[in-house]
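Readers should treat all values here as calculations from the given coordinates under stated rules, not as data from a laboratory. Since the structure is predicted, the reported quantities are computational estimates derived from the model, not experimental observations. So basically every Cβ, Gly included, is an ideal-geometry build from the backbone, and we count neighbours across all protein chains shown.
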Amino acid sequence: MAERRSPKPKVGGSIPFWPALESEARYEIRFARYEIIMAFEIYKRGQGKYTRLCSGFGAAIIAGLGCFQLYVKLEPISWGWGRRAALWIATMVPVGLFIILGLLVFWLINKPTVADFMIAAEGEMKKVSWSSRREIAVSTFIVIVVVILVAILLGVTDLSFRMFFDWLL
């Protein structure tokens, strides 16, 4: 029986099969590059924009404050090297940590499950019927008046108990 050859030997699945393996290897390299690029793409761009931005800024502020505290702790340490090397370490370790944390926050905010949650949360917040400014002012006034009345009532009760027990003893 004669061997049948495909008219396109470099197409996967043809006979002989080794050109197909070579093209699969190239595909896997391209796919691996695509996965790395996909890790830093914005998931569902434009949806949940403000929720993700505020969450990212909040996380960046927390990470920045933590890195600043690390800088403050590392600054007086000399490690027996020169002053310049100690300053280099005290500066670059927090900066490097901040960059790593920034990339981690960016990845987390664009992770599909987290991003979908934030998109849904922002959608629900748009559905909320917020009170008017006048209703909020009236409610705040009522709360303040009630707190003052309760404070007066508790003060009078405390004073009366103190006078009663002083008279009793």
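Values for this structure:
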quantity: Neighbourhood charge, 14 Å Cβ-Cβ cut-off, centred on residue 109 and excluding it, Lys, Arg +1 and Asp, Glu -1; calculated: +2
quantity: Contour minus Cα-Cα distance for residue 156 and residue 121 (0.36 nm per residue); calculated: 7.9 nm
quantity: Extreme residue, positive dipole direction of the range 67-148, given options 92, 130, 76 (C-beta unit charges); calculated: 76
quantity: Cα→Cβ-extended label distance, 7 Å offset, between residue 65 and residue 113, nm; calculated: 2.8 nm
quantity: 3J(HN,Hα) from dihedral phi, the range 118-123, Karplus parametrisation 6.51/-1.76/1.60, rounded to Hz, x for glycine, proline; calculated: 5, 5, 5, 5, 5, x
quantity: Net +/- balance of residues flanking residue 43 in space, Cβ distance below 11 Å, scoring K and R +1, D and E -1; calculated: +2
quantity: Lys, Arg +1 and Asp, Glu -1 on Cβ, resulting dipole of the range 44-128 about Cα centre, debye, nearest 20; calculated: 180 debye
quantity: Potential lengthening between residue 87 and residue 146 on full extension [0.36 nm per residue; Cα-Cα distance subtracted]; calculated: 15.6 nm
quantity: Cβ-Cβ FRET estimate between residue 95 and residue 41, R0 fixed at 25 Å, reported to 0.05; calculated: 0.50
